[in-house]
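Here is the structure we will look at.
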2 protein chains.
Amino acid sequence: MEKIHIFDTTLRDGEQVPGCKLNQKQKLKVAKALDDLGVDVIEAGFPISSPGDFVSVKAIADQTKNAIVCGLSRSVEKDIDCAAEALKTAVRPRIHTGIGTSDTHIKYKFNSNREAILERAVAAVKYAKRYVEDVEFYAEDAGRTDNAYLARVCEAVIKAGATVVNLPDTTGYCLPTEYGEKIKYLYENVSGIQNAILATHCHNDLGLATANSIAGIQNGARQIECTINGIGERAGNTALEEVVMAMRTRGDYYHFDTKINSKRLVPTSRLVSAVTGLEVQRNKAIVGRNAFAHEAGIHQDGILKERTTYEIMHPEDVGFASTDLVMGKHSGRAALADRAKTLGFNLTGEQLQRVFEDFKTLADRKKEIFDGDIVALVENERLGQIDQEWTLTGFALQLEHLKTPKIALTLSHSGVEESVEVEDGIGPVDVAFLAIKKITGVDFTCKSYRVQSSSLGHDANGETNIRVVHKGELYRGRAVSMDCVEGAIKAILDAVNRIIAAEKKGPDILGEQVVNQP
Amino acid sequence: MEKIHIFDTTLRDGEQVPGCKLNQKQKLKVAKALDDLGVDVIEAGFPISSPGDFVSVKAIADQTKNAIVCGLSRSVEKDIDCAAEALKTAVRPRIHTGIGTSDTHIKYKFNSNREAILERAVAAVKYAKRYVEDVEFYAEDAGRTDNAYLARVCEAVIKAGATVVNLPDTTGYCLPTEYGEKIKYLYENVSGIQNAILATHCHNDLGLATANSIAGIQNGARQIECTINGIGERAGNTALEEVVMAMRTRGDYYHFDTKINSKRLVPTSRLVSAVTGLEVQRNKAIVGRNAFAHEAGIHQDGILKERTTYEIMHPEDVGFASTDLVMGKHSGRAALADRAKTLGFNLTGEQLQRVFEDFKTLADRKKEIFDGDIVALVENERLGQIDQEWTLTGFALQLEHLKTPKIALTLSHSGVEESVEVEDGIGPVDVAFLAIKKITGVDFTCKSYRVQSSSLGHDANGETNIRVVHKGELYRGRAVSMDCVEGAIKAILDAVNRIIAAEKKGPDILGEQVVNQP
């Protein structure tokens, strides 16, 4: 089996989804999970894009033990300086720099020409090489770049010292045979190609990202850039779990493999879904709740006779627990740690203690505790909530069919309690919004509201996710509760606290408009 | 451009998702939407699998004006008799029959041998030909079937009169190059291949269904079997919207096209999502809410300079409305009809009247009405709710933080009101479940609960979906309300009414275990 490098960009390209920005604590948790998953490279962020991104990349560089840590930059010296500074403490740092190479990008984005862009590309690689040995170059919109010119760019940047050349299909335009032919062309026409690794970076606009990435590999590329759950702008990036399991399940045909620990795919998928609020659809390949029919409990005649009749992978291989074991108030700490381990979480020390306390509190209220509840507890602990400026003290709600709801709400702020009574609006969520706005004085518009139960039973925990707009910016809020009204209040407060925290920090150096690379 | 036939199996293979069974009214609405979308073939169901399926296929055959209507059968005479009977009134009927051809299926599913299976295949096609001219044969698990044997099967069934030969990758095992080579092998080795159309039928277990289908087309297949939103068992089927838009967007490369009206893709996607309760994830290619970045309101520098910098399709081309126009209580019927049309719904006559009445009621309670609200209203009207045995008369809820909730609930049954008071459980949803169980006497376990707002604002309509288990069977319930507690009550009642309706009807002739074809 030939080894394929997995370059995870969940924290850089994946995070570019409106309203899904992560805070530093959340990024560190995801980076740790990615390192445990066994990715070769973690693209941690785009350091110059904001002070927050800089600090996060630096913290991930400090923390990461195994993977290469990579920071993005444009072909601009100050970007590269900033990335180098953020990566200073990394055991294995990589600077990822580059520029748009398609005629559309050269003309409309840079108002430039092919020769000038080629020079900037070479200069950027040389400049980055002053700082680190490992420099990756991206040719943005390589998917729509003329092959002959692309070959010239590749040859020049490899000569300048690029160790990896990334060929992004930025707009998700390419088709598998076409993308494969492009990689093949480069292998046949770039002198010095053996001195660098070619990388695929595909987007899923036409539903072909997984196939394009693998077509690249079949034609000589040796690195796949991808994200957990395929998250990212528009239709997202290549899904890590799909390319990894396609190569592993069909090793007989491809003869490629990665060093990913596939049993950690589902836990990592759940963590990313929880911190970003981006739900995975039920029939998502590999990590969707329905991806393995057995979960649904249908007794298929074929399956009963012989498992391979309808099954090409085992759910346990990607980290689904094989049974939904029930726990309760008499279950001890060791049993909890053991079950959590089966579900993909290694709990020790203080973290185990905190989750165990939450577990006991839950067990007092809920007779049967399912795997979904345990996952919710662990994720809640792992979420890294931001500092809570406002917290819930208490509420009472009166609701009558077709009448105006009434709420009495008390919140705390730096230890001081403030209460209001509001009789207005339509339902419990509406009146909760109105009451919270009134107490906190923060104004915002609700963009979306979603509740999803996380386990079985009508007393199940529910995860509430809301997205609100404040001064043109999207913020999200999240809470887990067995009471959907309490969940709504806490999720709204989470969003309010994020708004307050963002306003304290001040705006980013660069607006969102230039983060769109590559 | 060469024409590719689109064979939609949303109502047969797509519907095979636990808890997502549709009732007849819903199936008729989906079939109508598919005919309007311009699919070439509607696979309406598997007539022998249940009396409900038989009646639905018959009703779709009666109703459909343009598309071929197809019914599934095994290679069993009574299946074929039943399919022929259900399709009797179709303008263009097709019987779809077949059998497993991989060694795994032959050995474990049929305990048979290759020669005997070949004979059964030929006999089934000949038998179906007695009823209809258009007979499609499926070679189940063709993806894992030995090519030489598969060629023999194809040759024999074409000789027996099959007009279409379907080559399902039943387990989602194949890779694009491999599946393409399989089709190519058949074209080169089956004598008489020009007398039939070869069809692709792919599953998405490795995330490759779209690519496999297109690889099949590139190698000579001329029909793609697919479902709206890619729904189906496990990781689902090929997504119709992806193959259609990949071929259309890249006509320059493929030179293939379909007769799909792409502007109806989003409305049809929404309808299927509403009736099945299967939510489409935000970054789903083509039809996801984030599939086009513009929707999120990010001002990308590149996009502002030149749209093609980052965009390969226009959102309007697939049926996204270009602006979120606000309507209100002064908007008239014509304005509503006009807006609904932009959103993909042709409302006329009684249907327009009913939606307009709901619109006025909503406008009395909600100041600004967004596109999402209109879609919710139309979908609610189109949903084809089953007969409501139990309906909500009224409720009052008292809820206090960390205390036991209390509900007074009144339901009606055949005009008679019944009330209970319940003070128990944890949150409002829990106590609503307990109260409904108590009044109706129907017992069930909650499997999942989900609320999703359907437009902007904290007074937005929310769509509640629940799934419950009753005597080992999954049932779902759905409701739309601006009050999440009212929504929960109505969704639970919808599920209870479905349980009662199912028990009146009696069990299916065949259990779910044999519905798993091909």
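Data for the structure
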| item | result |
| --- | --- |
| Among the candidates A:Ala221, A:Ala239, A:Ala274, residue that is more than 22 Å from A:Asp317 (Cβ to Cβ), of a type outside the set (Lys, Arg) and modelled with pLDDT of 95 or more | A:Ala221 |
| A:Gln398, sole failed condition from (1) surrounded by 19 or more Cβ atoms within 10 Å (Cβ to Cβ); (2) within 12 Å of chain B (Cβ to nearest Cβ) | (1) |
| Filtered residues of the stretch B:322-354 (kept if without any contact (Cβ under 8 Å) to a residue 40 or more places away in the chain and within 28 Å of A:Asp424 (Cβ to Cβ)) | B:Lys329, B:His330, B:Ser331, B:Leu336 |
| Residue within the stretch A:143-154 that is within 14 Å of another protein chain (Cβ to nearest Cβ), in a helix (DSSP H, G or I) and in contact with a strand residue (DSSP E or B) (Cβ under 6 Å, 6 or more places away or on another chain) present | yes |
| Boolean, B:Thr145 is over 20 Å from B:Ile48 (Cβ atoms), open to solvent by less than 30 Å² (accessible area, probe 1.4 Å) and either touching a residue at least 60 places away in the same chain (Cβ under 8 Å) or of a type outside the set (D, E, K, R) (or both) | yes |
| Filtered residues of the stretch A:258-270 (kept if of a type in the set (Ser, Thr, Tyr) and either within 24 Å of A:Gln24 (Cβ to Cβ) or surrounded by fewer than 20 Cβ atoms within 10 Å (Cβ to Cβ) (or both)) | A:Thr268, A:Ser269 |
| Qualifying residue in the stretch B:319-333 (condition: of a type in the set (Val, Ile, Thr) and farther than 24 Å from B:Ser455 by Cα) | no |
| Answer residue from the stretch B:198-246, given it is hydroxyl-bearing (Ser, Thr, Tyr) and more than 13 Å from A:Gly207 (Cα to Cα) and is surrounded by the fewest Cβ atoms within 10 Å (Cβ to Cβ) among those | B:Thr227 |
| Any hit, the stretch A:195-206, residues being under 20 Å from the mean Cα position of the chain (by Cα) and facing another protein chain (nearest Cβ under 8 Å) | yes |
| Residues of the stretch B:211-238 satisfying the condition of being farther than 21 Å from B:Arg282 by Cβ, aliphatic (A, V, I, L, M) and part of a helix (DSSP H, G or I) | B:Ala211, B:Ile214, B:Ala215, B:Ile217 |
| Of all residues making up the stretch A:161-184, the number that are open to solvent by 10 Å² or more (accessible area, probe 1.4 Å) and under 13 Å from B:Tyr253 (Cβ atoms) | 6 |
| Verdict on B:Arg130 being open to solvent by 60 Å² or more (accessible area, probe 1.4 Å) and touching a strand residue (DSSP E or B) at 6+ places or on another chain (Cβ under 7 Å) | no |
| Odd one out for B:Tyr449 among (1) open to solvent by 30 Å² or more (accessible area, probe 1.4 Å); (2) under 21 Å from the mean Cα position of the chain (by Cα) | (1) |
| Hits in the stretch B:460-493 (condition: open to solvent by 20 Å² or more (accessible area, probe 1.4 Å), farther than 14 Å from A:Leu402 by Cα and not hydrophobic (A, V, I, L, M, F, W, C)) | B:Glu463, B:Arg467, B:Lys471, B:Gly472, B:Glu473, B:Tyr475 |
| Residues being free of Cβ contacts under 8 Å to residues at least 40 places away in the same chain and farther than 15 Å from A:Gly277 by Cα - total across the stretch A:474-483 | 2 |
| Residue check for B:Glu242: part of a helix (DSSP H, G or I), at the interface with chain A (Cβ under 8 Å from one of its Cβ atoms), in contact (Cβ under 8 Å) with a residue 12 or more places away in the chain and within 19 Å of B:Leu11 (Cα to Cα) | yes |
| Qualifying residue in the stretch B:271-290 (condition: within 9 Å of another protein chain (Cβ to nearest Cβ), over 18 Å from the mean Cα position of the chain (by Cα), over 26 Å from B:Ile466 (Cα atoms) and buried (at least 24 other Cβ atoms within 10 Å of the Cβ)) | no |
| B:Gly344 being under 18 Å from the mean Cα position of the chain (by Cα), under 20 Å from B:Ala33 (Cα atoms) and either open to solvent by 30 Å² or more (accessible area, probe 1.4 Å) or modelled with pLDDT of 75 or more (or both) | no |
| Among (1) crowded, with 21+ Cβ neighbours inside 10 Å; (2) over 25 Å from A:Ala432 (Cβ atoms), the one test that B:Ile500 misses | (1) |
| The stretch B:423-472, residues that are closer than 20 Å to B:Leu392 by Cβ, facing chain A (nearest Cβ under 7 Å) and at pLDDT 85 or above | B:Gly425, B:Gly427, B:Pro428, B:Val429, B:Asp430, B:Phe433, B:Cys446, B:Tyr449, B:Arg450, B:Val451 |
| Qualifying residue in the stretch B:250-257 (condition: more than 9 Å from chain A (Cβ to nearest Cβ), surrounded by 19 or more Cβ atoms within 10 Å (Cβ to Cβ) and modelled with pLDDT of 90 or more) | yes |
| Members of the stretch B:19-35 that are in a loop (DSSP other than H, G, I, E, B), surrounded by 21 or more Cβ atoms within 10 Å (Cβ to Cβ) and either at pLDDT 95 or above or not hydrophobic (A, V, I, L, M, F, W, C) (or both) | B:Gly19, B:Lys21 |
| Residue, surrounded by the most Cβ atoms within 10 Å (Cβ to Cβ), within the stretch B:310-321, restricted to residues that are in a loop (DSSP other than H, G, I, E, B), touching a residue at least 40 places away in the same chain (Cβ under 8 Å) and within 14 Å of chain A (Cβ to nearest Cβ) | B:Phe320 |
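Table: residues versus (1) out of contact with any strand residue (DSSP E or B) (no Cβ under 9 Å at 6 or more places or on another chain); (2) more than 18 Å from B:Val164 (Cβ to Cβ); (3) not in a helix (DSSP H, G or I).
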site: B:Lys88; (1), (2), (3): yes, yes, yes
site: B:Ile99; (1), (2), (3): no, no, yes
site: B:Lys107; (1), (2), (3): yes, yes, no
site: B:Asn111; (1), (2), (3): yes, yes, yes
site: B:Glu115; (1), (2), (3): yes, yes, no
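So that you can scan it fast, the table gives a plain yes or no per residue for (1) in contact (Cβ under 8 Å) with a residue 40 or more places away in the chain; (2) of a type in the set (D, E, K, R); (3) assigned to a strand (DSSP E or B):
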| position | (1), (2), (3) |
| --- | --- |
| A:Thr104 | yes, no, no |
| A:Val122 | no, no, no |
| A:Glu133 | no, yes, no |
| A:Tyr138 | yes, no, yes |
| A:Gly161 | no, no, no |
| A:Tyr173 | no, no, no |
| A:Lys182 | yes, yes, no |
| A:Gln194 | no, no, no |
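The values are calculated or read from the model by the stated rules, or taken from the named source; none is laboratory data. All figures in this text were calculated on a predicted structure; none of them were measured in a lab. Positions of Cβ are backbone-derived with ideal geometry, glycine not excepted, and every protein chain shown enters the neighbour counts. Protein only, heavy atoms only, side chains kept; ligands, DNA and RNA dropped before computing areas. Shrake-Rupley method; radii C 1.70, N 1.55, O 1.52, S 1.80 Å.
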